[in-house]
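The values are calculated or read from the model by the stated rules, or taken from the named source; none is laboratory data. Bear in mind the structure is a predicted one, so any value in this text is a computation, not a measurement. Cβ sites come from the backbone with ideal geometry, for glycine too, and all protein chains shown count toward neighbours. Note: areas computed on protein heavy atoms with side chains; ligands, DNA, RNA excluded. Shrake-Rupley method; radii C 1.70, N 1.55, O 1.52, S 1.80 Å.
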Amino acid sequence: MARDAAADQAPAAGRVATTNTANEMWGGRFAAGPAAVMAKINQSISFDKRLYAQDIRASQAHAAMLVAQGIIGAEDGAAIRRGLDQVLAEIEAGEFRFDEALEDIHMNVEARLAQLIGPSAGRLHTARSRNDQVATDFRLWVRDAIDRHSAQVQALQAALIDQAERHAATVMPGFTHLQVAQPVTFGHHLLAYVEMLGRDRGRLADCRKRLNENSLGSAALAGTSFPIDRHATAATLGFDRPTANSLDAVSDRDFAIEFMAAASVLSMHLSRLAEELVIWTTDAFKFVSLSDAFTTGSSIMPQKRNPDAAELVRAKSGRVIGALVGLLVMMKGLPLAYGKDMQEDKEPTFEVSDTLDLSLAAMTGMIADLKVNEAAMRAGTARGFITATDLADWLVRRLGLPFRQAHHITGSIVKLAEDRGCGLEDLSLADMQTVEPAVTGEVFEVLSVDRAVESRTSFGGTSPAQVRAQVAAARERFL
(Lines give C-alpha, C1' and ligand atoms only; values in the text may rest on other atoms or scores of the structure.)
Protein backbone atom coordinates (compact mmCIF):
# COMPACT_ATOMS: atom_id res chain seq x y z
CA MET A 1 0.00 0.00 0.00
CA ALA A 2 2.59 2.54 1.07
CA ARG A 3 6.03 3.32 -0.35
CA ASP A 4 9.03 5.17 1.03
CA ALA A 5 7.67 8.55 0.02
CA ALA A 6 9.68 11.74 0.22
CA ALA A 7 7.96 12.93 3.34
CA ASP A 8 10.46 15.08 5.16
CA GLN A 9 10.70 17.97 2.77
CA ALA A 10 8.16 20.80 2.83
CA PRO A 11 6.87 21.67 -0.64
CA ALA A 12 7.78 25.06 -2.05
CA ALA A 13 5.09 27.71 -1.82
CA GLY A 14 2.70 27.76 -4.76
CA ARG A 15 3.59 24.30 -6.04
CA VAL A 16 1.66 21.07 -5.92
CA ALA A 17 2.31 17.74 -7.56
CA THR A 18 0.11 16.90 -10.52
CA THR A 19 -1.93 13.76 -10.06
CA ASN A 20 -2.68 12.39 -13.53
CA THR A 21 -0.52 9.27 -13.18
CA ALA A 22 1.08 7.29 -10.43
CA ASN A 23 4.64 8.17 -11.40
CA GLU A 24 3.83 11.89 -11.11
CA MET A 25 2.70 11.27 -7.56
CA TRP A 26 5.99 9.52 -6.81
CA GLY A 27 8.00 12.52 -8.02
CA GLY A 28 10.86 13.11 -10.43
CA ARG A 29 12.65 9.80 -9.89
CA PHE A 30 10.51 8.02 -12.52
CA ALA A 31 10.59 9.05 -16.16
CA ALA A 32 7.87 6.73 -17.41
CA GLY A 33 4.68 5.20 -16.10
CA PRO A 34 4.36 1.62 -14.92
CA ALA A 35 3.45 -1.32 -17.10
CA ALA A 36 -0.24 -2.18 -17.06
CA VAL A 37 0.32 -5.31 -15.02
CA MET A 38 2.48 -3.35 -12.57
CA ALA A 39 -0.26 -0.78 -12.15
CA LYS A 40 -2.76 -3.57 -11.52
CA ILE A 41 -0.73 -5.48 -8.96
CA ASN A 42 0.45 -2.30 -7.26
CA GLN A 43 -2.92 -0.68 -6.66
CA SER A 44 -4.78 -1.15 -3.42
CA ILE A 45 -7.56 1.42 -3.83
CA SER A 46 -9.98 -1.35 -4.79
CA PHE A 47 -9.98 -2.48 -1.16
CA ASP A 48 -8.22 0.15 0.99
CA LYS A 49 -10.82 2.76 0.12
CA ARG A 50 -12.53 1.36 3.21
CA LEU A 51 -9.95 3.34 5.20
CA TYR A 52 -11.23 6.67 3.90
CA ALA A 53 -12.75 7.91 7.17
CA GLN A 54 -9.68 6.97 9.18
CA ASP A 55 -7.34 8.46 6.58
CA ILE A 56 -9.16 11.78 6.57
CA ARG A 57 -9.41 11.83 10.36
CA ALA A 58 -5.68 11.24 10.73
CA SER A 59 -4.89 13.86 8.10
CA GLN A 60 -7.04 16.40 9.93
CA ALA A 61 -5.13 15.71 13.14
CA HIS A 62 -1.78 15.91 11.35
CA ALA A 63 -2.63 19.22 9.69
CA ALA A 64 -3.84 20.73 12.98
CA MET A 65 -0.58 19.69 14.63
CA LEU A 66 1.51 21.17 11.78
CA VAL A 67 -0.27 24.50 12.26
CA ALA A 68 0.11 24.40 16.04
CA GLN A 69 3.82 23.74 15.67
CA GLY A 70 4.30 26.54 13.14
CA ILE A 71 5.37 24.11 10.43
CA ILE A 72 2.64 25.27 8.04
CA GLY A 73 0.58 28.45 8.14
CA ALA A 74 -2.86 28.79 9.65
CA GLU A 75 -4.35 29.73 6.28
CA ASP A 76 -3.02 26.56 4.67
CA GLY A 77 -4.26 24.55 7.64
CA ALA A 78 -7.75 26.01 7.37
CA ALA A 79 -7.86 25.29 3.64
CA ILE A 80 -6.75 21.69 4.26
CA ARG A 81 -9.40 21.23 6.92
CA ARG A 82 -12.17 22.56 4.70
CA GLY A 83 -10.98 20.52 1.74
CA LEU A 84 -10.78 17.29 3.70
CA ASP A 85 -14.28 17.89 5.05
CA GLN A 86 -15.51 18.18 1.48
CA VAL A 87 -13.67 15.04 0.39
CA LEU A 88 -15.26 13.14 3.26
CA ALA A 89 -18.70 14.44 2.33
CA GLU A 90 -18.20 13.44 -1.31
CA ILE A 91 -17.15 9.91 -0.40
CA GLU A 92 -20.03 9.42 2.00
CA ALA A 93 -22.47 10.74 -0.58
CA GLY A 94 -21.14 8.30 -3.18
CA GLU A 95 -19.94 11.13 -5.42
CA PHE A 96 -16.21 10.48 -5.17
CA ARG A 97 -14.45 8.77 -8.10
CA PHE A 98 -11.68 6.46 -6.95
CA ASP A 99 -8.82 6.19 -9.44
CA GLU A 100 -6.68 3.05 -9.64
CA ALA A 101 -3.88 5.06 -11.24
CA LEU A 102 -3.46 6.82 -7.90
CA GLU A 103 -2.82 3.46 -6.21
CA ASP A 104 -4.34 3.87 -2.77
CA ILE A 105 -6.74 5.80 -0.56
CA HIS A 106 -4.04 8.20 0.57
CA MET A 107 -3.18 9.38 -2.94
CA ASN A 108 -6.81 9.50 -4.00
CA VAL A 109 -7.68 11.77 -1.07
CA GLU A 110 -4.63 13.96 -1.60
CA ALA A 111 -5.28 14.30 -5.34
CA ARG A 112 -8.87 15.40 -4.79
CA LEU A 113 -7.73 17.77 -2.06
CA ALA A 114 -5.33 19.40 -4.54
CA GLN A 115 -8.17 19.85 -7.01
CA LEU A 116 -10.26 21.51 -4.32
CA ILE A 117 -7.76 23.83 -2.61
CA GLY A 118 -4.77 24.02 -4.91
CA PRO A 119 -1.14 24.34 -3.71
CA SER A 120 -2.01 24.24 0.00
CA ALA A 121 -2.79 20.52 -0.40
CA GLY A 122 0.90 19.84 -1.02
CA ARG A 123 1.76 20.95 2.51
CA LEU A 124 -0.32 18.22 4.17
CA HIS A 125 2.28 15.52 3.57
CA THR A 126 4.99 17.45 5.39
CA ALA A 127 6.65 15.34 8.12
CA ARG A 128 4.90 12.12 7.26
CA SER A 129 5.13 9.20 4.83
CA ARG A 130 2.58 6.86 3.44
CA ASN A 131 4.27 4.29 5.68
CA ASP A 132 3.26 5.92 8.95
CA GLN A 133 0.05 7.18 7.38
CA VAL A 134 -1.21 3.70 6.52
CA ALA A 135 -0.07 2.26 9.84
CA THR A 136 -2.08 4.94 11.62
CA ASP A 137 -5.15 4.53 9.43
CA PHE A 138 -5.06 0.78 9.83
CA ARG A 139 -4.76 1.00 13.62
CA LEU A 140 -7.74 3.35 13.69
CA TRP A 141 -9.75 1.00 11.48
CA VAL A 142 -8.95 -2.11 13.53
CA ARG A 143 -9.77 -0.19 16.71
CA ASP A 144 -13.16 0.78 15.29
CA ALA A 145 -13.77 -2.84 14.25
CA ILE A 146 -12.91 -4.10 17.73
CA ASP A 147 -15.37 -1.67 19.32
CA ARG A 148 -18.11 -2.80 16.94
CA HIS A 149 -17.46 -6.51 17.40
CA SER A 150 -17.28 -6.21 21.18
CA ALA A 151 -20.77 -4.70 21.15
CA GLN A 152 -21.97 -7.50 18.86
CA VAL A 153 -20.57 -10.17 21.17
CA GLN A 154 -22.28 -8.47 24.09
CA ALA A 155 -25.59 -8.64 22.21
CA LEU A 156 -25.09 -12.37 21.69
CA GLN A 157 -24.32 -12.78 25.39
CA ALA A 158 -27.55 -10.97 26.21
CA ALA A 159 -29.55 -13.35 24.00
CA LEU A 160 -27.91 -16.37 25.64
CA ILE A 161 -28.50 -15.01 29.14
CA ASP A 162 -32.17 -14.37 28.37
CA GLN A 163 -32.62 -17.96 27.17
CA ALA A 164 -30.64 -19.28 30.14
CA GLU A 165 -32.95 -17.46 32.53
CA ARG A 166 -36.02 -18.91 30.84
CA HIS A 167 -34.57 -22.41 31.02
CA ALA A 168 -32.78 -22.35 34.36
CA ALA A 169 -34.68 -25.50 35.39
CA THR A 170 -35.08 -27.19 31.98
CA VAL A 171 -33.37 -30.56 32.34
CA MET A 172 -31.28 -32.00 29.49
CA PRO A 173 -28.54 -34.58 29.15
CA GLY A 174 -25.01 -33.29 29.48
CA PHE A 175 -22.42 -34.98 27.30
CA THR A 176 -18.77 -35.90 27.25
CA HIS A 177 -17.38 -37.50 24.07
CA LEU A 178 -20.91 -36.81 22.76
CA GLN A 179 -22.05 -39.63 25.04
CA VAL A 180 -24.67 -39.10 27.73
CA ALA A 181 -22.81 -38.17 30.93
CA GLN A 182 -24.79 -36.34 33.63
CA PRO A 183 -28.01 -34.34 33.69
CA VAL A 184 -27.67 -30.57 33.47
CA THR A 185 -30.03 -27.71 32.77
CA PHE A 186 -30.26 -26.01 29.41
CA GLY A 187 -29.69 -22.69 31.11
CA HIS A 188 -26.43 -24.00 32.55
CA HIS A 189 -25.36 -25.19 29.11
CA LEU A 190 -26.01 -21.81 27.52
CA LEU A 191 -24.16 -19.95 30.28
CA ALA A 192 -21.03 -21.88 29.32
CA TYR A 193 -21.02 -19.96 26.04
CA VAL A 194 -21.63 -16.70 27.86
CA GLU A 195 -18.38 -17.31 29.72
CA MET A 196 -16.49 -18.17 26.53
CA LEU A 197 -17.76 -15.03 24.85
CA GLY A 198 -16.78 -12.98 27.88
CA ARG A 199 -13.20 -14.14 27.44
CA ASP A 200 -13.48 -13.33 23.73
CA ARG A 201 -14.44 -9.78 24.63
CA GLY A 202 -11.49 -9.69 27.00
CA ARG A 203 -9.13 -10.73 24.21
CA LEU A 204 -10.52 -8.02 21.95
CA ALA A 205 -10.11 -5.46 24.75
CA ASP A 206 -6.51 -6.57 25.33
CA CYS A 207 -5.79 -6.23 21.62
CA ARG A 208 -7.32 -2.76 21.57
CA LYS A 209 -5.20 -1.68 24.52
CA ARG A 210 -1.97 -2.81 22.86
CA LEU A 211 -2.75 -1.35 19.44
CA ASN A 212 -3.79 2.02 20.85
CA GLU A 213 -0.53 3.78 20.03
CA ASN A 214 -0.03 6.45 17.42
CA SER A 215 2.25 5.65 14.46
CA LEU A 216 1.82 9.06 12.86
CA GLY A 217 5.04 11.08 12.81
CA SER A 218 7.29 8.04 12.39
CA ALA A 219 7.53 9.03 8.71
CA ALA A 220 9.07 6.49 6.34
CA LEU A 221 11.12 4.67 8.99
CA ALA A 222 13.47 7.07 10.80
CA GLY A 223 11.23 9.80 12.18
CA THR A 224 11.43 13.40 10.95
CA SER A 225 13.56 16.48 11.41
CA PHE A 226 10.51 18.73 11.68
CA PRO A 227 9.52 19.81 15.22
CA ILE A 228 6.31 17.81 15.31
CA ASP A 229 4.27 16.98 18.40
CA ARG A 230 3.37 13.30 18.24
CA HIS A 231 1.74 13.40 21.66
CA ALA A 232 -0.71 16.00 20.34
CA THR A 233 -1.78 13.90 17.36
CA ALA A 234 -2.02 10.86 19.62
CA ALA A 235 -4.40 12.72 21.93
CA THR A 236 -6.47 14.08 19.05
CA LEU A 237 -6.91 10.60 17.59
CA GLY A 238 -7.72 8.97 20.92
CA PHE A 239 -4.47 7.02 21.19
CA ASP A 240 -2.91 6.48 24.60
CA ARG A 241 0.57 7.48 23.46
CA PRO A 242 2.78 7.70 20.37
CA THR A 243 4.72 4.61 19.34
CA ALA A 244 8.18 4.55 20.90
CA ASN A 245 10.20 3.39 17.88
CA SER A 246 9.73 4.67 14.36
CA LEU A 247 11.01 1.46 12.73
CA ASP A 248 8.60 -0.67 14.73
CA ALA A 249 5.74 1.74 14.10
CA VAL A 250 5.81 1.36 10.32
CA SER A 251 6.98 -2.23 9.95
CA ASP A 252 4.84 -4.41 12.20
CA ARG A 253 1.27 -5.53 11.89
CA ASP A 254 1.05 -7.50 15.11
CA PHE A 255 -2.02 -5.47 16.07
CA ALA A 256 -3.86 -6.85 13.02
CA ILE A 257 -2.53 -10.34 13.70
CA GLU A 258 -3.66 -10.15 17.33
CA PHE A 259 -7.09 -8.95 16.24
CA MET A 260 -7.35 -11.85 13.82
CA ALA A 261 -6.15 -14.27 16.51
CA ALA A 262 -8.85 -13.03 18.89
CA ALA A 263 -11.35 -13.25 16.04
CA SER A 264 -10.25 -16.83 15.36
CA VAL A 265 -10.90 -17.91 18.94
CA LEU A 266 -14.24 -16.12 18.86
CA SER A 267 -15.12 -17.80 15.56
CA MET A 268 -14.15 -21.17 17.01
CA HIS A 269 -16.57 -20.61 19.87
CA LEU A 270 -19.30 -19.56 17.44
CA SER A 271 -18.59 -22.69 15.40
CA ARG A 272 -18.98 -24.93 18.46
CA LEU A 273 -22.30 -23.35 19.32
CA ALA A 274 -23.38 -23.62 15.69
CA GLU A 275 -22.46 -27.31 15.70
CA GLU A 276 -24.64 -27.87 18.75
CA LEU A 277 -27.55 -26.12 17.06
CA VAL A 278 -27.07 -28.40 14.05
CA ILE A 279 -27.10 -31.48 16.32
CA TRP A 280 -29.97 -30.29 18.50
CA THR A 281 -32.24 -29.61 15.50
CA THR A 282 -31.81 -33.11 14.02
CA ASP A 283 -34.64 -35.63 14.19
CA ALA A 284 -32.44 -37.78 16.42
CA PHE A 285 -32.41 -35.06 19.10
CA LYS A 286 -35.19 -32.53 18.44
CA PHE A 287 -33.99 -30.52 21.43
CA VAL A 288 -34.59 -27.18 19.71
CA SER A 289 -36.17 -25.84 16.55
CA LEU A 290 -35.44 -22.79 14.44
CA SER A 291 -38.03 -20.79 12.55
CA ASP A 292 -38.18 -20.08 8.83
CA ALA A 293 -36.05 -17.00 9.48
CA PHE A 294 -32.89 -19.09 9.99
CA THR A 295 -33.55 -22.28 8.05
CA THR A 296 -33.92 -23.26 4.41
CA GLY A 297 -35.66 -26.01 2.48
CA SER A 298 -34.49 -28.62 0.03
CA SER A 299 -34.75 -28.39 -3.74
CA ILE A 300 -35.96 -31.99 -3.91
CA MET A 301 -37.18 -33.00 -0.43
CA PRO A 302 -40.16 -30.84 0.55
CA GLN A 303 -40.17 -32.02 4.17
CA LYS A 304 -36.70 -30.69 4.97
CA ARG A 305 -35.89 -27.78 7.24
CA ASN A 306 -32.13 -27.30 7.16
CA PRO A 307 -30.20 -25.23 9.76
CA ASP A 308 -28.18 -23.52 7.05
CA ALA A 309 -27.43 -20.38 9.06
CA ALA A 310 -25.78 -22.46 11.77
CA GLU A 311 -23.88 -24.53 9.22
CA LEU A 312 -22.57 -21.40 7.53
CA VAL A 313 -21.43 -19.87 10.82
CA ARG A 314 -19.61 -23.13 11.45
CA ALA A 315 -18.00 -23.02 8.01
CA LYS A 316 -17.00 -19.37 8.14
CA SER A 317 -14.77 -19.99 11.15
CA GLY A 318 -12.39 -21.69 8.72
CA ARG A 319 -12.10 -18.51 6.68
CA VAL A 320 -11.24 -16.48 9.75
CA ILE A 321 -8.62 -18.95 10.95
CA GLY A 322 -7.22 -19.22 7.42
CA ALA A 323 -6.87 -15.45 7.14
CA LEU A 324 -4.88 -15.38 10.38
CA VAL A 325 -2.51 -18.04 9.11
CA GLY A 326 -2.13 -16.21 5.80
CA LEU A 327 -1.13 -12.95 7.49
CA LEU A 328 1.31 -14.71 9.81
CA VAL A 329 2.97 -16.41 6.84
CA MET A 330 3.13 -13.14 4.91
CA MET A 331 4.82 -11.30 7.77
CA LYS A 332 7.18 -13.98 9.04
CA GLY A 333 10.07 -13.30 6.64
CA LEU A 334 9.99 -9.51 6.34
CA PRO A 335 13.06 -7.54 7.43
CA LEU A 336 12.65 -4.04 8.87
CA ALA A 337 11.19 -1.73 7.88
CA TYR A 338 8.34 -1.48 5.35
CA GLY A 339 7.91 -3.90 2.46
CA LYS A 340 5.24 -3.84 -0.20
CA ASP A 341 4.22 -7.29 1.00
CA MET A 342 2.44 -5.46 3.79
CA GLN A 343 -0.13 -4.16 1.36
CA GLU A 344 -1.56 -7.68 1.61
CA ASP A 345 -2.57 -7.16 5.25
CA LYS A 346 -5.79 -5.25 4.51
CA GLU A 347 -7.94 -7.70 2.58
CA PRO A 348 -7.71 -10.60 5.06
CA THR A 349 -8.33 -8.25 7.98
CA PHE A 350 -11.34 -6.74 6.25
CA GLU A 351 -12.63 -10.22 5.43
CA VAL A 352 -12.28 -11.33 9.04
CA SER A 353 -14.22 -8.32 10.26
CA ASP A 354 -16.94 -8.77 7.64
CA THR A 355 -17.24 -12.43 8.57
CA LEU A 356 -17.59 -11.58 12.25
CA ASP A 357 -20.29 -9.02 11.44
CA LEU A 358 -22.32 -11.65 9.62
CA SER A 359 -21.64 -14.61 11.93
CA LEU A 360 -22.39 -12.72 15.13
CA ALA A 361 -25.61 -11.28 13.71
CA ALA A 362 -26.73 -14.71 12.52
CA MET A 363 -25.89 -16.44 15.80
CA THR A 364 -27.58 -13.76 17.90
CA GLY A 365 -30.68 -14.09 15.74
CA MET A 366 -30.72 -17.88 16.04
CA ILE A 367 -30.33 -17.88 19.82
CA ALA A 368 -33.14 -15.37 20.24
CA ASP A 369 -35.27 -17.29 17.72
CA LEU A 370 -34.86 -20.89 18.92
CA LYS A 371 -37.71 -22.79 20.55
CA VAL A 372 -36.84 -25.41 23.17
CA ASN A 373 -38.48 -28.85 23.18
CA GLU A 374 -38.37 -29.50 26.92
CA ALA A 375 -40.01 -32.91 26.58
CA ALA A 376 -37.34 -34.12 24.15
CA MET A 377 -34.59 -32.82 26.40
CA ARG A 378 -36.02 -34.63 29.40
CA ALA A 379 -36.49 -37.81 27.37
CA GLY A 380 -32.80 -37.60 26.51
CA THR A 381 -31.94 -37.97 30.19
CA ALA A 382 -33.53 -41.42 30.27
CA ARG A 383 -30.64 -42.86 28.29
CA GLY A 384 -27.08 -43.67 29.22
CA PHE A 385 -27.50 -44.37 32.98
CA ILE A 386 -27.19 -40.64 33.49
CA THR A 387 -27.37 -40.72 37.32
CA ALA A 388 -24.55 -43.24 37.75
CA THR A 389 -22.24 -40.61 39.24
CA ASP A 390 -24.93 -39.74 41.77
CA LEU A 391 -25.05 -43.38 42.79
CA ALA A 392 -21.27 -43.42 43.28
CA ASP A 393 -21.43 -40.21 45.30
CA TRP A 394 -24.18 -41.72 47.50
CA LEU A 395 -21.99 -44.75 48.21
CA VAL A 396 -19.23 -42.39 49.33
CA ARG A 397 -21.48 -40.21 51.51
CA ARG A 398 -23.75 -42.85 53.07
CA LEU A 399 -21.48 -45.91 53.27
CA GLY A 400 -18.17 -44.11 53.72
CA LEU A 401 -16.53 -45.95 50.84
CA PRO A 402 -13.46 -44.57 49.05
CA PHE A 403 -14.55 -43.04 45.76
CA ARG A 404 -12.55 -45.49 43.68
CA GLN A 405 -14.30 -48.42 45.34
CA ALA A 406 -17.67 -46.69 44.94
CA HIS A 407 -16.86 -46.12 41.27
CA HIS A 408 -16.17 -49.85 40.80
CA ILE A 409 -19.37 -50.88 42.56
CA THR A 410 -21.41 -48.43 40.51
CA GLY A 411 -19.89 -49.78 37.32
CA SER A 412 -21.01 -53.27 38.29
CA ILE A 413 -24.54 -52.06 39.02
CA VAL A 414 -24.64 -50.25 35.65
CA LYS A 415 -23.54 -53.49 33.95
CA LEU A 416 -26.38 -55.30 35.73
CA ALA A 417 -28.93 -52.74 34.51
CA GLU A 418 -27.50 -52.91 31.01
CA ASP A 419 -27.84 -56.68 30.99
CA ARG A 420 -31.43 -56.39 32.23
CA GLY A 421 -32.21 -53.72 29.60
CA CYS A 422 -33.46 -51.21 32.17
CA GLY A 423 -32.44 -47.98 33.88
CA LEU A 424 -30.72 -47.76 37.23
CA GLU A 425 -33.91 -46.57 38.88
CA ASP A 426 -35.71 -49.65 37.53
CA LEU A 427 -33.49 -52.12 39.38
CA SER A 428 -34.81 -53.52 42.64
CA LEU A 429 -33.02 -53.02 45.94
CA ALA A 430 -32.33 -56.73 45.99
CA ASP A 431 -30.68 -56.45 42.56
CA MET A 432 -28.32 -53.74 43.82
CA GLN A 433 -27.58 -55.63 47.00
CA THR A 434 -26.24 -58.54 44.95
CA VAL A 435 -23.41 -56.15 44.06
CA GLU A 436 -23.16 -54.25 47.36
CA PRO A 437 -25.13 -55.68 50.32
CA ALA A 438 -24.92 -52.42 52.30
CA VAL A 439 -27.04 -50.47 49.79
CA THR A 440 -30.35 -49.28 51.30
CA GLY A 441 -33.62 -48.04 49.88
CA GLU A 442 -32.45 -44.45 50.31
CA VAL A 443 -30.36 -44.89 47.18
CA PHE A 444 -33.43 -44.43 44.97
CA GLU A 445 -33.70 -40.81 46.11
CA VAL A 446 -30.49 -39.90 44.24
CA LEU A 447 -31.41 -41.78 41.07
CA SER A 448 -34.00 -39.13 40.14
CA VAL A 449 -32.82 -36.82 37.36
CA ASP A 450 -34.38 -33.79 39.02
CA ARG A 451 -32.77 -34.57 42.37
CA ALA A 452 -29.44 -35.11 40.60
CA VAL A 453 -29.64 -31.68 38.98
CA GLU A 454 -30.86 -29.94 42.13
CA SER A 455 -28.01 -31.43 44.14
CA ARG A 456 -25.31 -29.75 42.02
CA THR A 457 -25.23 -26.65 44.21
CA SER A 458 -21.49 -25.98 44.09
CA PHE A 459 -20.54 -22.55 42.75
CA GLY A 460 -20.91 -22.62 38.98
CA GLY A 461 -22.90 -25.85 39.14
CA THR A 462 -26.01 -26.84 37.23
CA SER A 463 -28.69 -26.66 39.94
CA PRO A 464 -31.53 -24.29 38.98
CA ALA A 465 -30.72 -22.13 41.99
CA GLN A 466 -27.11 -21.84 40.90
CA VAL A 467 -28.10 -21.13 37.31
CA ARG A 468 -30.41 -18.31 38.38
CA ALA A 469 -27.64 -16.86 40.56
CA GLN A 470 -25.18 -17.08 37.67
CA VAL A 471 -27.67 -15.45 35.30
CA ALA A 472 -27.89 -12.49 37.65
CA ALA A 473 -24.11 -12.40 38.00
CA ALA A 474 -23.65 -12.60 34.24
CA ARG A 475 -25.97 -9.66 33.69
CA GLU A 476 -23.88 -7.68 36.16
CA ARG A 477 -20.53 -8.72 34.65
CA PHE A 478 -21.25 -8.57 30.95
CA LEU A 479 -24.29 -6.43 30.14
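Length gain on complete extension for the stretch residue 206 to residue 286, per 0.36 nm per residue less the alpha carbon to alpha carbon distance? Intermediate values should be presented prior to the final figure.
Numbers: separation 80, 0.36 × 80 = 28.80 nm, distance 3.93 nm.
Going from the current span to full extension adds 24.9 nm.
Measure off 7 Å from each Cα along the Cα-to-Cβ vector at residue 383 and residue 361, then give the distance between these two points in nanometres to one decimal.
So the label points at residue 383 and residue 361 sit 3.7 nm apart.
Using the heavy atoms of the protein chains alone and a 1.4 angstrom probe, what is the accessible area of the range 202-309 per residue in square angstrom?
Details: 4910 Å² over 108 residues.
It amounts to 45 Å² per residue over the range 202-309.
With θ set to phi - 60°, apply the Karplus curve 6.51 cos²θ - 1.76 cosθ + 1.60 along the range 448-458 and write out the HN-Hα couplings as whole Hz, x wherever there is a Gly or Pro.
Per-residue couplings from phi come out as 6, 4, 5, 5, 4, 5, 5, 6, 7, 9, 4 Hz.
Amide H neighbours of residue 174 under 5 Å, counting only residues 5+ apart in sequence or on other chains, H built in-plane at 1.01 Å?
Amide H to amide H, under 5 Å and 5 or more residues apart or across chains, residue 174 pairs with 181, 182, 184.
Round to the nearest 10 and give me the degree value, 0 to 90, for the angle of helix 74-92's Cα axis relative to the longest principal axis of the chain.
50 degrees
Which percent of the accessible heavy-atom area of the range 34-132 goes to carbon and sulfur, probe 1.4 angstrom?
The C+S portion of the solvent-accessible surface of the range 34-132 is 52 percent.
Quick one: in the chain, what % of C-alpha pairs are over 32 Å apart? Mind showing how you got there, number by number?
Numbers: 63337 of 114481 pairs.
Everything past 32 Å amounts to 55 percent.
According to the square roots a ≥ b ≥ c of the eigenvalues of the Cα gyration tensor, what is the shape class of the range 94-161, taking rounded for a/c under 1.5, prolate for a/b larger than b/c otherwise, and oblate for the remainder?
Details: a/c = 3.59, a/b = 2.44, b/c = 1.47.
Taking the square roots of the gyration eigenvalues as a ≥ b ≥ c, the range 94-161 is prolate.
Taking only Cα atoms, what is the 0 to 90° angle, nearest 10, from helix 254-280's long axis to the longest principal axis of the chain?
For 254-280 against the chain, the angle is about 30 degrees.
For the Cα atoms of the chain, what angle does the longest principal axis make with the long axis of helix 403-420, in degrees from 0 to 90, nearest 10?
Relative to the chain, helix 403-420 is tipped by roughly 70 degrees.
On a full-extension model of 0.36 nm per residue, what is the gain between residue 199 and residue 329, subtracting their alpha-carbon distance, rounded to one decimal in nm?
Working: separation 130, 0.36 × 130 = 46.80 nm, distance 2.63 nm.
Gain on extension, residue 199 to residue 329, equals 44.2 nm.
Can you pull out the GluC sites (Glu not before Pro) in the range 302-358 whose DSSP state is coil and whose Cβ has at most 12 other Cβ atoms within 10 Å? Please report the intermediate quantities before stating the final value.
Working: sites: 311, 344, 351; in loops: none.
In loop regions of the range 302-358 (DSSP not H, G, I, E or B), there are no sparsely surrounded GluC sites (Glu not before Pro).
Compute the length gained on full extension between residue 254 and residue 407: take 0.36 nm times their separation in residues and subtract their Cα-Cα distance, giving the result in nm to one decimal.
Details: separation 153, 0.36 × 153 = 55.08 nm, distance 5.00 nm.
Fully extending the segment from residue 254 to residue 407 adds 50.1 nm.
Using only Cα atoms, locate the centre of the range 213-242 and the centre of the range 72-110, then give the distance between them in Å, rounded to an integer.
With the range 213-242 and the range 72-110 each reduced to a Cα centre, they are spaced 21 Å.
Please count, across the chain, the pairs of lysine residues with Cα atoms under 17 Å apart that sit 8 or more places apart or on different chains. Provide the component values of the computation, followed by the final result.
Details: 40/49; 40/340; 40/346; 49/346; 286/304; 286/371; 332/340; 332/346.
Within the chain, the lysine pair count is 8.
For n ≥ 4 DSSP H runs only, could you compute -39500 (n - 2.57) per run for the chain, divide by its residues and tell me the 222 nm figure to the nearest 500? Walk me through the intermediate numbers first.
Numbers: 19 runs with 280 residues, N = 479.
Calculated mean residue ellipticity at 222 nm is -19000 deg cm²/dmol.
Rounded to the nearest whole Å², what accessible area per residue is found for the range 83-177 with the 1.4 Å probe?
It amounts to 32 Å² per residue over the range 83-177.
Let me have the relative contact order for the chain, percent, based on Cα pairs under 8 Å that are six or more residues apart. Each step should come with its number before you reach the end.
Working: 724 pairs, mean separation 82.9, N = 479.
Reported as a whole number, the value is 17 percent.
Once label points are set 7 Å from the Cα along Cα→Cβ at both residue 354 and residue 341, what is their separation, rounded to one decimal in nm?
2.5 nm
Can you pull out the trypsin sites (Lys or Arg not before Pro) in the range 347-408 that DSSP calls coil and that have at most 12 other Cβ atoms within 10 Å? Numbers along the way, then the final one.
Details: sites: 371, 378, 383, 397, 398, 404; in loops: 383.
Filter output for the range 347-408: 383.
Counting alpha carbon pairs within less than 8 Å and at least 6 residues apart, what relative contact order, in whole percent, applies to the range 325-479? Mind showing how you got there, number by number?
Numbers: 92 pairs, mean separation 23.5, N = 155.
Rounded, it is 15 percent for the range 325-479.
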